[in-house]
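The values are calculated or read from the model by the stated rules, or taken from the named source; none is laboratory data. Bear in mind the structure is a predicted one, so any value in this text is a computation, not a measurement. All Cβ positions, glycine included, derive from the backbone under ideal geometry; neighbour counts span all protein chains shown. Protein only, heavy atoms only, side chains kept; ligands, DNA and RNA dropped before computing areas. Shrake-Rupley method; radii C 1.70, N 1.55, O 1.52, S 1.80 Å.
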Amino acid sequence: MLMSDGFEIHAKQPRSVWQRPVQVKFGQLATALRKGAIATAFGNWPGVAGSGIDAIKALGLESQDAGAIA
């Protein structure tokens, strides 16, 4: 447990990406995939990486909470 300025963080074991619940947002996923396809067609590789991050967010696989990171 880490205490700093009244905030407490309880360390816990992180969950595997395979065991996290997936909450698909289909509209955002379709948009991310379209943006990735267009970026790939034009050779915009940073755009492809950005749309990949958007696709991960649309799948609900964002980063874990502070306790798991600790």
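Before moving on, here are some points about what is shown:
- For the condition of a type in the set (Gly, Ala, Ser) and either open to solvent by 70 Å² or more (accessible area, probe 1.4 Å) or modelled with pLDDT of 95 or more (or both), residue 49 does not qualify.
- Pairing each residue of region 37-57 that is within 15 Å of residue 26 (Cα to Cα) with any residue that is of a type in the set (S, T, N, Q) and surrounded by 11 or more Cβ atoms within 10 Å (Cβ to Cβ), provided the two are 6+ apart or on different chains, yields C-beta distances under 8 Å for 54/28; 54/31; 57/28.
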